[in-house]
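The values are calculated or read from the model by the stated rules, or taken from the named source; none is laboratory data. What you see is a predicted model, and the numbers here were worked out from it, not measured in a lab. Cβ atoms come from the backbone with ideal geometry, glycine included; neighbour counts cover every protein chain shown.
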Amino acid sequence: MDIRELVREDKNKWDKYVYGSPLGTLNHLSGWRDVMTNVYGYKTYYLYAVEDNQVIGVLPLIEVKGLIFGHYFTSIPGGLCADTDQAASALCEQAKDFLKHEKGQYLILRDCQRKWELPEFTINCDHFSLTVELSSDLNQIRSKINKRAQLLVDKAVQANLDVLRGIEYLESFYPAYSRSMADKGTPTLGLKFFREVVAQFSENIDLFAIRNDKHMMGGGFIFYFKDMVSCSWGGMMRQYYHLYPNHLLYWETMKHSAESGYKQLDFGRSAWESGTFKFKMNWGAEPKPLFQLIYLNGVQKPPLVGDRISENTQYKVYMNVWRHLPSTITEKVGPWLRKWKPFG
């Protein structure tokens, strides 16, 4: 078995493996390497295992250096994708070697769908993906939704909100999304990032936006991959919450996904029993465990991951300050800050 670093000539080979693997997700595709290097200038380590001239595993990594969270390596969400335990182990050993050579403090394999048993790695099991099974019968889908959520969908429909779909709404959607993230104390990845994602994944990405008259309220990105639609970055401006645009967004996404013939809708990751977890469960979602695998190199305490990041004292201060900054500052500084912490 050989462990190799991805070169441009082998991108098709890499992506073919991801499409064919039951653990392969859109986040494993090679195009994310270009997004991360073109937008943030990250050094990447896209490792893949080869046996008998066949790809049998991939591990996409980036190297991050920041003030609050230190110097570390992280996988793209989706983590390790491999056919065998031997391939998984070999990929991780190579990743550990790179980490030690660069004097990184820790390595995170994010949102793995399988609980890999790897020596020297600790496992965090706090997070789950929440997925809805779809069918062509919209009444059947609606029957699985919590009664109160159904009522609030109807209220949003009665408010005559406009539902827009198409990546052409990116430029008008983005300011509302950015403001909604600032209200939560979270910097956005930046408009340049989203433009690059669209350029790399034009056939896989779509955008839902909700508008009230001429006022953009927010919305969310979705990705198409295999037989699944996945919800990704999204946000709604707080001043419009009383009109229940998030409920309308969820329902329209479910309808579109089902009517387009997809079998599953993934609402994304949430911590167990968190507010977003409970909200997604109202839509008939089933939780599936995700595993964060962490290797420490010379440090004693594992990093905080996902919702637990807010427990960091420095991060709490920074979030409180961020909520009160004007958009002129958050837009300029936000993407620079997110370079230190690209994922939760």
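ARG195: of a type in the set (Lys, Arg), over 14 Å from the mean Cα position of the chain (by Cα) and part of a strand (DSSP E or B), yes or no?
Taking the combined requirement at face value, the residue does not satisfy it.
Confirm whether ILE68 is outside the structural domain of ASP227 (by TED's automatic domain parsing) and in a strand (DSSP E or B). Criteria not met by ILE68.
Within segment 65-86, count every residue that is of a type in the set (A, V, I, L, M) and either farther than 26 Å from GLY268 by Cα or surrounded by fewer than 18 Cβ atoms within 10 Å (Cβ to Cβ) (or both). It would help to see each step written out before you state the result.
Here is the first cut: in segment 65-86, the ones of a type in the set (A, V, I, L, M) are 67-68, 76, 80, 82.
With the extra rule that they be either farther than 26 Å from GLY268 by Cα or surrounded by fewer than 18 Cβ atoms within 10 Å (Cβ to Cβ) (or both), the set shrinks to 67-68.
Qualifying residue count for the region: 2.
So for segment 118-138 (the condition being out of contact with any strand residue (DSSP E or B) (no Cβ under 7 Å at 6 or more places or on another chain) and not assigned by TED's automatic domain parsing to the domain that holds LEU248), does at least one residue qualify?
Pass one, segment 118-138, residues out of contact with any strand residue (DSSP E or B) (no Cβ under 7 Å at 6 or more places or on another chain): 119, 135-138.
This time we only want the ones that are not assigned by TED's automatic domain parsing to the domain that holds LEU248, so: 119.
For segment 118-138, residues out of contact with any strand residue (DSSP E or B) (no Cβ under 7 Å at 6 or more places or on another chain) and not assigned by TED's automatic domain parsing to the domain that holds LEU248: present.
Scan segment 44-64 and give yes if some residue there is more than 27 Å from LYS100 (Cβ to Cβ), buried (at least 17 other Cβ atoms within 10 Å of the Cβ) and either β-branched (Val, Ile, Thr) or without any contact (Cβ under 8 Å) to a residue 12 or more places away in the chain (or both), otherwise no. There is no residue in segment 44-64 that is more than 27 Å from LYS100 (Cβ to Cβ), buried (at least 17 other Cβ atoms within 10 Å of the Cβ) and either β-branched (Val, Ile, Thr) or without any contact (Cβ under 8 Å) to a residue 12 or more places away in the chain (or both).
Of all residues in segment 209-228, those that are hydroxyl-bearing (Ser, Thr, Tyr) have Cβ atoms under 6 Å from Cβ atoms of residues that are surrounded by fewer than 23 Cβ atoms within 10 Å (Cβ to Cβ), 6 or more apart or on another chain, in TYR224/ASN204.
HIS28 fulfils the conditions (1) modelled with pLDDT under 95; (2) in contact with a strand residue (DSSP E or B) (Cβ under 9 Å, 6 or more places away or on another chain); (3) under 24 Å from PHE121 (Cα atoms) except for a single criterion, (1). Within segment 76-87, being part of a helix (DSSP H, G or I) and without any contact (Cβ under 8 Å) to a residue 60 or more places away in the chain holds for one residue alone: ASP85. Determine if segment 88-99 includes at least one residue that is in contact (Cβ under 8 Å) with a residue 24 or more places away in the chain, touching a Phe, Trp or Tyr at 6+ places or on another chain (Cβ under 6 Å) and closer than 30 Å to VAL198 by Cα. No, segment 88-99 contains no residue that is in contact (Cβ under 8 Å) with a residue 24 or more places away in the chain, touching a Phe, Trp or Tyr at 6+ places or on another chain (Cβ under 6 Å) and closer than 30 Å to VAL198 by Cα. Residue count for segment 260-280, restricted to those that are within 24 Å of ALA159 (Cβ to Cβ), in contact (Cβ under 8 Å) with a residue 40 or more places away in the chain and in a helix (DSSP H, G or I): 1. Counting just the residues of segment 157-190 that are of a type in the set (Lys, Arg) and more than 15 Å from PHE208 (Cα to Cα), which one comes out surrounded by the most Cβ atoms within 10 Å (Cβ to Cβ)? Here the answer is ARG179. Of everything in segment 98-119 that is surrounded by 12 or more Cβ atoms within 10 Å (Cβ to Cβ) and of a type in the set (Asp, Glu), the residue that is farthest from the chain's Cα centre (by Cα) is GLU102. Screening the candidates SER172, SER202 for the property of being of a type outside the set (A, V, I, L, M) and farther than 23 Å from LEU26 by Cβ yields one hit, SER172. For segment 157-205, the tally of residues that are touching a Lys or Arg at 6+ places or on another chain (Cβ under 7 Å) and among the aromatic types (Phe, Trp, Tyr) stands at 0.
Give VAL58, VAL7, VAL35 a once-over and let me know the one that is in contact with a His (Cβ under 9 Å, 6 or more places away or on another chain), under 28 Å from GLU203 (Cβ atoms) and not assigned by TED's automatic domain parsing to the domain that holds ILE205. Explain how you work it out, then say what you get.
Working: VAL7 fails: in contact with a His (Cβ under 9 Å, 6 or more places away or on another chain); VAL35 fails: in contact with a His (Cβ under 9 Å, 6 or more places away or on another chain).
Just a single option satisfies the conditions, and that option is VAL58.
When you check TYR240 against the structure, is it part of a helix (DSSP H, G or I), surrounded by 19 or more Cβ atoms within 10 Å (Cβ to Cβ) and touching a Gly at 6+ places or on another chain (Cβ under 8 Å), yes or no? For TYR240, the condition - part of a helix (DSSP H, G or I), surrounded by 19 or more Cβ atoms within 10 Å (Cβ to Cβ) and touching a Gly at 6+ places or on another chain (Cβ under 8 Å) - is met.
Against the numbered list (1) charged (D, E, K, R); (2) loosely packed, with under 15 Cβ neighbours inside 10 Å; (3) out of contact with any strand residue (DSSP E or B) (no Cβ under 8 Å at 6 or more places or on another chain), ARG142 comes up short only at (2). Checked against the criterion of being in a loop (DSSP other than H, G, I, E, B) and within 19 Å of ARG323 (Cα to Cα), segment 213-226 has no qualifying residue.
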